[in-house]
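*Asks:* I have a structure I would like to understand better, so I am pasting it below and will then ask my questions one at a time.
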Amino acid sequence: MELQQTWMLPALIAIPFIAGLLCWLVERFNKRLPRWIALIGMMLTFALSLVLWQQGDFSGMSKQVIAPDAAVPWVAEFSVPWIPSFGISFHLALDGLSLMMVALTGLLGVAAVACSWNEIQRRVGFFHLNLLWSLGGVIGVFLAIDLFLFFFFWEMMLVPIYFLIALWGHDVVGKTKEYAATKFFIYTQASGLIMLIGILVLVIISYAQTGVVSFNYNDLLGTSLGGWEYPIMLCFFIGFAVKLPIIPFHGWLPDAHAQAPTAGSVDLAGVLIKTAAYGLIRFVLPLFPVASQEFAPIAITLGTIGIFYGAWLAFMQTDMKRLLAYTSISHMGFVVLAIYAGTLLSLQGLMIQMLAHGLSSAALFIMAGQLYERLHTRDLTLMGGMWGQFRYYAPILMFFCAALLGIPGTGNFIGEFMILFGSFAQYPVFVVFATFSLVLAGLYSLILIHRALFGENNIAALVERETKSHGLPARRLKDLGKRELSLLLMLAAGLVWLGLYPQPFLDTSSHAMQWINNAYIYSQVTQVDASQLLDVMEAR
């Protein structure tokens, strides 16, 4: 089926870039204007993703089965030549999987701008330039299907995040924000270069077979790689494993999260680590199915270690943001299990899990930022007794902590249940271990709730000490304002929708996940059939 060119796809990338540039330019005239431009820009991006969702007409698609040899089920496409002599084009395409990820990016982009409304007071225009350009780069990653263009966006989104952490981050004892930003940049840059080697080797082998240089995803699918498949797959895997992050490539994440501004943490936890999961699903499984199947036990072992390691370290933290950072490592272990199990049920569960984790972790990082604005500390040992101090903040924090541990009625429960159920037939031992880890998730969530909201009331003493040390008059703690409350309720509504009625999201991603499941499983079946046929012929 020939798809009609649509300008909506480049517009999804262009709007954040143009809005970010405008924020920077108007800063000298008005300090408040960049905030409004950034907010309108991200709202337009989110609205455009909803228009594409409406046009895609995905309802009931989970009841349709696509053939094992069907083409990639793109619903929109845009392609113009870029560097024709090297077979590089500006080629964007959208299916149900990338649409869900783009919509999540748009929504969390609105949240990131809204939550930093009062937090950022200096270089406001340049801050929003970096925030919006990083989000534009993320959307580019989700849409690009030319591998050179994909790599361009993959590397481009790192630079604005470096500046977000280095210029507007928080210093913690013993570590500066510049240290955290540099560590993040070196980790992700080095892994990106390893992935680039894999891309180039893949293109060279494809050229040797076809005589045509092409970075196009559709052209590279089905390339016969022989003995090269495993090493090329490893190059791609390392590139994505660092960003996800999978143990032992996780070293950058706790520092980057803890020292980033609130909007940077929302960006990192909500959408940046999802680009790596997306890369594994979109590129590693379909391009290298046999090598991926061989590698699956190793990847799932690393993921399972990450589930326990992340949960245990989260349990040991006293800094609220570091605790939340380690929970991301734990939850991404479930993502690895779902990807390499490769069943349709686990992949569909992964879709819900990524959306739910994006909403719940973003909300908790926003709440950590709101608390820091009021108390000037994130140390849980200094908190306590907030239940009586705040009317709205305390119950909302309790809801999002419950959502993070996967309580029924939220999207996290649906996602985790589908992943465990879909992976059990192939990897029962790993699923049993992963299920036990949910107990640890309950522990760190309950400890966060208890330390912050209940226990001895330290809040009044903490506020008094803060005001005296800054020479300020005595003040009363402010509860959540209308802007903060509406932002958190929007994210909570999304989680409840995912938990109670996930069918529209499952319908949307169904064809894309069916195709990936076929590309991963069916190619192995055909290879096994071919080898069995060869054995029969030799026997005769």
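*Asks:* Select, from D171, D146, the only residue that is farther than 17 Å from L272 by Cα, modelled with pLDDT of 90 or more and not polar (S, T, N, Q). Walk me through how you get there before you give the answer.
*Replies:* On the way: D171 fails: modelled with pLDDT of 90 or more.
Answer to the check: D146.
*Asks:* Among the listed residues G136, G87, which satisfies the condition of being surrounded by 18 or more Cβ atoms within 10 Å (Cβ to Cβ), closer than 27 Å to L485 by Cα and in contact (Cβ under 8 Å) with a residue 12 or more places away in the chain?
*Replies:* None of the others qualify; the one that does is G136.
*Asks:* Out of the residues in segment 90-119 that are over 22 Å from the mean Cα position of the chain (by Cα) and under 17 Å from L487 (Cα atoms), state the one that is surrounded by the fewest Cβ atoms within 10 Å (Cβ to Cβ).
*Replies:* Checked segment 90-119; the qualifying residue surrounded by the fewest Cβ atoms within 10 Å (Cβ to Cβ) is N118.
*Asks:* Any idea which residue in segment 344-372 is surrounded by the fewest Cβ atoms within 10 Å (Cβ to Cβ), counting only those that are farther than 18 Å from L495 by Cβ and modelled with pLDDT of 90 or more?
*Replies:* The selected residue is L344.
*Asks:* Could you list all residues from segment 282-319 that are closer than 30 Å to T381 by Cβ and open to solvent by less than 10 Å² (accessible area, probe 1.4 Å)?
*Replies:* Scanning segment 282-319 gives G306, I307, G310, A311, A314.
*Asks:* Let me ask something else. Are any residues in segment 202-215 in contact (Cβ under 8 Å) with a residue 12 or more places away in the chain and either polar (S, T, N, Q) or open to solvent by 40 Å² or more (accessible area, probe 1.4 Å) (or both), and if so, which ones?
*Replies:* Passing the criteria: S206, Q209, V212, V213, S214.
Okay, residues lined up against (1) within 16 Å of the chain's Cα centre (by Cα); (2) assigned to a helix (DSSP H, G or I); (3) not basic (K, R):
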site: L302; (1), (2), (3): no, yes, yes
site: I307; (1), (2), (3): no, yes, yes
site: F315; (1), (2), (3): no, yes, yes
site: R322; (1), (2), (3): no, yes, no
site: I329; (1), (2), (3): yes, yes, yes
site: A338; (1), (2), (3): yes, yes, yes
site: S346; (1), (2), (3): no, yes, yes
site: L364; (1), (2), (3): yes, yes, yes
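*Asks:* Among what's in segment 267-289 and is at pLDDT 90 or above and among the β-branched types (V, I, T), pick the residue that is nearest to G137 (Cα to Cα).
*Replies:* Once the filter is applied, the top-ranked residue is T275.
*Asks:* Report yes if L221 is of a type in the set (A, V, I, L, M), out of contact with any Leu (no Cβ under 7 Å at 6 or more places or on another chain), open to solvent by 10 Å² or more (accessible area, probe 1.4 Å) and within 23 Å of F86 (Cβ to Cβ), otherwise no.
*Replies:* Here the answer is no, as L221 does not meet what is asked.
*Asks:* Determine, yes or no, whether D69 is open to solvent by less than 10 Å² (accessible area, probe 1.4 Å), among the charged types (D, E, K, R) and within 22 Å of N218 (Cα to Cα).
*Replies:* For D69, the condition - open to solvent by less than 10 Å² (accessible area, probe 1.4 Å), among the charged types (D, E, K, R) and within 22 Å of N218 (Cα to Cα) - is not met.
*Asks:* For segment 120-130, does any single residue satisfy the condition of being part of a strand (DSSP E or B) and either at pLDDT 95 or above or surrounded by 22 or more Cβ atoms within 10 Å (Cβ to Cβ) (or both)?
*Replies:* no
Matching residues to (1) buried (at least 24 other Cβ atoms within 10 Å of the Cβ); (2) touching a residue at least 60 places away in the same chain (Cβ under 8 Å); (3) outside any helix (DSSP H, G or I):
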position	(1), (2), (3)
C235	no, no, no
I247	no, yes, yes
D255	no, yes, no
L268	yes, yes, no
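*Asks:* Please verify whether E229 is part of a helix (DSSP H, G or I), under 26 Å from G310 (Cβ atoms), in contact with a helix residue (DSSP H, G or I) (Cβ under 8 Å, 6 or more places away or on another chain) and open to solvent by 20 Å² or more (accessible area, probe 1.4 Å), treating the condition exactly as stated.
*Replies:* On the way: part of a helix (DSSP H, G or I): yes; under 26 Å from G310 (Cβ atoms): no; in contact with a helix residue (DSSP H, G or I) (Cβ under 8 Å, 6 or more places away or on another chain): yes; open to solvent by 20 Å² or more (accessible area, probe 1.4 Å): yes.
Judged against the criteria, E229 is not a match.
*Asks:* State all residues of segment 389-422 that are among the aliphatic types (A, V, I, L, M) and either open to solvent by 10 Å² or more (accessible area, probe 1.4 Å) or free of Cβ contacts under 8 Å to residues at least 12 places away in the same chain (or both); if no residue qualifies, say none.
*Replies:* Passing the criteria: I396, M398, A402, L405, I407, I414, M418, L420.
*Asks:* Give the residue that is farthest from A512 (Cα to Cα), with candidates limited to residues of segment 61-110 that are out of contact with any Phe, Trp or Tyr (no Cβ under 9 Å at 6 or more places or on another chain) and not hydrophobic (A, V, I, L, M, F, W, C).
*Replies:* Among them, the one singled out is S85.
The values are calculated or read from the model by the stated rules, or taken from the named source; none is laboratory data. These numbers come from a predicted model, not from an experiment. Neighbour counts run over all protein chains shown; Cβ positions are idealised from the backbone, glycine included. Note: areas computed on protein heavy atoms with side chains; ligands, DNA, RNA excluded. Shrake-Rupley method; radii C 1.70, N 1.55, O 1.52, S 1.80 Å.
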